[in-house]
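*Asks:* Below is the structure I would like to discuss, written out as structure tokens.
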Amino acid sequence: MNPLDWSLVAGPLPVILLVGALLALAWLVAGRNAPRRGSLRSAALGGSAGGAVSVRWLAIWVPLIVLAAGAVTAVLTWLINNVWRPFPDLLPFTIVLWSWVALAGLALALTRLPQLRTWPRRAAAIAAGVLVLAAAANQVNGYFQAYPSLRVALAPWLDPKPVFTGIGIVPEVAAKPGQALEGIWHPPPGMPTTGAVYRVTIPGVRSGFAARPGYLYLPPAYLATPRPQLPVLVLLAGQPGDPRTWLDSGQLQAMTDGFAERHHGLAPIVVMPDDLGSEFANPLCLNSRLGRVQTYLTVDVPDWITSHLQVRPPERGWAISGFSEGGTCAIQLATQAPRLYRFFVDISGQIEPTLGSRQRTISRAFGGDAAAFARVDPVAVLARTRFPRNAGVFVGGADDSVYTPQQQTMYLAARHAGMNVAFMELPGGHDWRVWRGGLEHNLAWLASRLGITKRA
């Protein structure tokens, strides 16, 4: 197997990385020195003429370095959680712990360099520090299950997507309302066996929102002549993140191509727009002081889709889905634009759009206007409005003690509002096992609701 495809989250490689990092740390702490004789700096750090590790190094310098790395980690964690606050939730303990380990390993490696006389030993110290950093990063990766392999981690560079320049108008095969497209579609000769993915730029014409490039998946049937009139699934990433994460960590193309293979090339057209503006921004998927993202996703994105693609009319209902912040956005837009997004899959979303607390959210996004927040808060909207024509699925991880209870609350609120909803719990935490599985397990449900296949 190509090393790029070795698993980073299961099997021997994560264990080898972790054991190697522990051995590297042990060598950085207790490995023999080779200082230049008479070096004051080496002596101050505990070096000796014989090359042994001194008691001073072990008893004073190592604890100081580890404690200093811990102090830096604690300060940075506090600043991120309380001052910068780019995420609505506090940093998970796993990330804080392994950040401390990474900083300690790098600091030990840099401090050992002056003690080592030869370049091979210095190179070994640098390699040891890098190994500790790599192992710590992979432990964080294991927490989120974001990059199952190096190929996925390097995909933006190894597999850049072509820019969408348009595909010509061809005759369409359209299903009547209530009729399943699969029942009338016959794949023409020469239809591709796989779909295509493109990089797209969707401007904020009406909203003024400065979105980053998004991505577009076209199933095999769309690439045929004639082509079926397919529905649209708008798919959102979490925060921090960007639209491409659904392609790489989410393995969207393999998922949808697999579905299309079982259904004569049919699958939803998937549009993955940006709803953040930058990696760490969080404009809450609303129209507020932070930006007009709701207008972007309900006006600009649909306008771009209908002007560039042959699709099922939006008035017949599209679907929206996302994970974490993107899941929160899905239920928000399902309640704010229920005719456009009649169907939704909210995966690990929150109970409300948030910048960390309701007070902070109202203050920063709405200038202290609580009534303005209540007009877009999905729980409040569901409490006062009925949605009998809308349907959705709420998905939570069995080990996610933060988001899954919120999903259960949202499920009950949506059910009370007359929505046809279900709650699904999958193995995993707030990670890609749940996010990827949440879409994959509900792709057939979406296809039946969107008129691709017959409802069971």
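*Asks:* Among the listed residues Phe144, Phe164, identify the single one that is open to solvent by 40 Å² or more (accessible area, probe 1.4 Å) and either aromatic (Phe, Trp, Tyr) or under 24 Å from Ser7 (Cβ atoms) (or both). Working first, answer last.
*Replies:* On the way: Phe164 fails: open to solvent by 40 Å² or more (accessible area, probe 1.4 Å).
Criteria check complete, one pass: Phe144.
*Asks:* Identify, from the list Gln115, Gln179, Gln145, the residue that is at pLDDT below 95, in contact with a Pro (Cβ under 6 Å, 6 or more places away or on another chain) and of a type outside the set (A, V, I, L, M).
*Replies:* On the way: Gln179 fails: in contact with a Pro (Cβ under 6 Å, 6 or more places away or on another chain); Gln145 fails: in contact with a Pro (Cβ under 6 Å, 6 or more places away or on another chain).
Of the residues listed, the single one that is at pLDDT below 95, in contact with a Pro (Cβ under 6 Å, 6 or more places away or on another chain) and of a type outside the set (A, V, I, L, M) is Gln115.
*Asks:* Examine the stretch 106-114 for a residue that is open to solvent by less than 70 Å² (accessible area, probe 1.4 Å), part of a helix (DSSP H, G or I), out of contact with any helix residue (DSSP H, G or I) (no Cβ under 7 Å at 6 or more places or on another chain) and under 30 Å from Ser324 (Cβ atoms), and state whether such a residue exists. Don't jump to the end; show me each part of the working.
*Replies:* Of all residues in the stretch 106-114, those open to solvent by less than 70 Å² (accessible area, probe 1.4 Å) come to 106-109, 111-114.
Narrowing further to those that are part of a helix (DSSP H, G or I): 106-109, 111-114.
Subset that is out of contact with any helix residue (DSSP H, G or I) (no Cβ under 7 Å at 6 or more places or on another chain): none.
No: zero hits.
*Asks:* Specify which of the listed residues (Pro353, Pro338) is over 30 Å from Phe93 (Cβ atoms), in a loop (DSSP other than H, G, I, E, B) and in contact with a Phe, Trp or Tyr (Cβ under 9 Å, 6 or more places away or on another chain).
*Replies:* Values: Pro353 fails: over 30 Å from Phe93 (Cβ atoms).
After applying the criteria, what remains is Pro338.
*Asks:* On to the next question. Is it the case that Arg360 is over 30 Å from Leu443 (Cα atoms), in contact with a helix residue (DSSP H, G or I) (Cβ under 9 Å, 6 or more places away or on another chain), open to solvent by 50 Å² or more (accessible area, probe 1.4 Å) and of a type in the set (D, E, K, R)?
*Replies:* Numbers: over 30 Å from Leu443 (Cα atoms): yes; in contact with a helix residue (DSSP H, G or I) (Cβ under 9 Å, 6 or more places away or on another chain): no; open to solvent by 50 Å² or more (accessible area, probe 1.4 Å): yes; of a type in the set (D, E, K, R): yes.
No: the conditions fail for Arg360.
*Asks:* A further question on this structure: Might you check whether a residue that is in contact (Cβ under 8 Å) with a residue 24 or more places away in the chain and touching a Pro at 6+ places or on another chain (Cβ under 8 Å) occurs anywhere in the stretch 79-100?
*Replies:* Yes, the stretch 79-100 contains a residue that is in contact (Cβ under 8 Å) with a residue 24 or more places away in the chain and touching a Pro at 6+ places or on another chain (Cβ under 8 Å).
*Asks:* Can I ask one more? Does Ala175 satisfy the criteria of being small (Gly, Ala, Ser) and either in a helix (DSSP H, G or I) or over 24 Å from the mean Cα position of the chain (by Cα) (or both)? Don't jump to the end; show me each part of the working.
*Replies:* On the way: small (Gly, Ala, Ser): yes; either in a helix (DSSP H, G or I) or over 24 Å from the mean Cα position of the chain (by Cα) (or both): yes.
It is true that Ala175 is small (Gly, Ala, Ser) and either in a helix (DSSP H, G or I) or over 24 Å from the mean Cα position of the chain (by Cα) (or both).
*Asks:* Only one residue in Val293, Val402, Val345, Val395 is farther than 29 Å from Pro228 by Cα and touching a helix residue (DSSP H, G or I) at 6+ places or on another chain (Cβ under 7 Å). Which one? Lay out the reasoning, then the answer.
*Replies:* Numbers: Val293 fails: touching a helix residue (DSSP H, G or I) at 6+ places or on another chain (Cβ under 7 Å); Val402 fails: touching a helix residue (DSSP H, G or I) at 6+ places or on another chain (Cβ under 7 Å); Val345 fails: farther than 29 Å from Pro228 by Cα.
Going through Val293, Val402, Val345, Val395 in turn, just one is farther than 29 Å from Pro228 by Cα and touching a helix residue (DSSP H, G or I) at 6+ places or on another chain (Cβ under 7 Å): Val395.
*Asks:* While we're here: Here are some conditions: (1) open to solvent by 20 Å² or more (accessible area, probe 1.4 Å); (2) of a type in the set (A, V, I, L, M, F, W, C); (3) in contact (Cβ under 8 Å) with a residue 12 or more places away in the chain; (4) closer than 22 Å to Arg312 by Cβ. Ile184 meets all but one. Which one does it not meet?
*Replies:* Among (1) open to solvent by 20 Å² or more (accessible area, probe 1.4 Å); (2) of a type in the set (A, V, I, L, M, F, W, C); (3) in contact (Cβ under 8 Å) with a residue 12 or more places away in the chain; (4) closer than 22 Å to Arg312 by Cβ, the lone unmet condition for Ile184 is (3).
*Asks:* Please indicate, with yes or no, whether at least one residue in the stretch 420-440 is crowded, with 24+ Cβ neighbours inside 10 Å, farther than 30 Å from Val152 by Cα and at pLDDT 95 or above.
*Replies:* No, the stretch 420-440 contains no residue that is crowded, with 24+ Cβ neighbours inside 10 Å, farther than 30 Å from Val152 by Cα and at pLDDT 95 or above.
*Asks:* Could you please let me know if Ala422 is over 26 Å from Val311 (Cα atoms), out of contact with any Asp or Glu (no Cβ under 9 Å at 6 or more places or on another chain) and among the aliphatic types (A, V, I, L, M)?
*Replies:* On the way: over 26 Å from Val311 (Cα atoms): yes; out of contact with any Asp or Glu (no Cβ under 9 Å at 6 or more places or on another chain): yes; among the aliphatic types (A, V, I, L, M): yes.
It is true that Ala422 is over 26 Å from Val311 (Cα atoms), out of contact with any Asp or Glu (no Cβ under 9 Å at 6 or more places or on another chain) and among the aliphatic types (A, V, I, L, M).
*Asks:* I'd like the residue in the stretch 372-388 that is without any contact (Cβ under 8 Å) to a residue 60 or more places away in the chain and part of a loop (DSSP other than H, G, I, E, B) and, out of all such residues, is surrounded by the most Cβ atoms within 10 Å (Cβ to Cβ).
*Replies:* Asp377
*Asks:* Among the listed residues Thr256, Thr245, Thr201, which satisfies the condition of being closer than 23 Å to Tyr341 by Cα, of a type in the set (Ser, Thr, Tyr) and under 15 Å from the mean Cα position of the chain (by Cα)? First the steps, then the outcome.
*Replies:* On the way: Thr256 fails: under 15 Å from the mean Cα position of the chain (by Cα); Thr201 fails: under 15 Å from the mean Cα position of the chain (by Cα).
Result of the check over Thr256, Thr245, Thr201: Thr245.
*Asks:* A follow-up question, please. Condition test on Ala102, is it part of a helix (DSSP H, G or I), among the hydrophobic types (A, V, I, L, M, F, W, C) and either open to solvent by less than 40 Å² (accessible area, probe 1.4 Å) or at pLDDT 95 or above (or both)? Let's see the steps before the verdict.
*Replies:* Working: part of a helix (DSSP H, G or I): yes; among the hydrophobic types (A, V, I, L, M, F, W, C): yes; either open to solvent by less than 40 Å² (accessible area, probe 1.4 Å) or at pLDDT 95 or above (or both): yes.
When the stated conditions are applied, Ala102 passes them.
*Asks:* Any residue that is open to solvent by 40 Å² or more (accessible area, probe 1.4 Å), closer than 14 Å to Phe323 by Cα and in contact (Cβ under 8 Å) with a residue 60 or more places away in the chain - is there at least one of those in the stretch 235-242?
*Replies:* Pass one, the stretch 235-242, residues open to solvent by 40 Å² or more (accessible area, probe 1.4 Å): 240, 242.
Subsequent filtering for residues that are closer than 14 Å to Phe323 by Cα retains 240, 242.
Restricting the remaining residues to those that are in contact (Cβ under 8 Å) with a residue 60 or more places away in the chain gives 240.
Within the stretch 235-242, one or more residues are open to solvent by 40 Å² or more (accessible area, probe 1.4 Å), closer than 14 Å to Phe323 by Cα and in contact (Cβ under 8 Å) with a residue 60 or more places away in the chain.
*Asks:* Test of understanding: among Ala447, Ala422, Ala413, Ala365, which residue is in a helix (DSSP H, G or I), under 30 Å from Gln229 (Cβ atoms) and in contact (Cβ under 8 Å) with a residue 12 or more places away in the chain? Spell out how you get there, then give the answer.
*Replies:* Values: Ala422 fails: in a helix (DSSP H, G or I); Ala413 fails: under 30 Å from Gln229 (Cβ atoms); Ala365 fails: under 30 Å from Gln229 (Cβ atoms).
The conditions single out Ala447.
The values are calculated or read from the model by the stated rules, or taken from the named source; none is laboratory data. Keep in mind the model is a prediction, meaning the values are calculated, not measured. Cβ atoms come from the backbone with ideal geometry, glycine included; neighbour counts cover every protein chain shown. Ligands, DNA and RNA are excluded from the accessible area calculation, which covers all protein heavy atoms including side chains. Shrake-Rupley method; radii C 1.70, N 1.55, O 1.52, S 1.80 Å.
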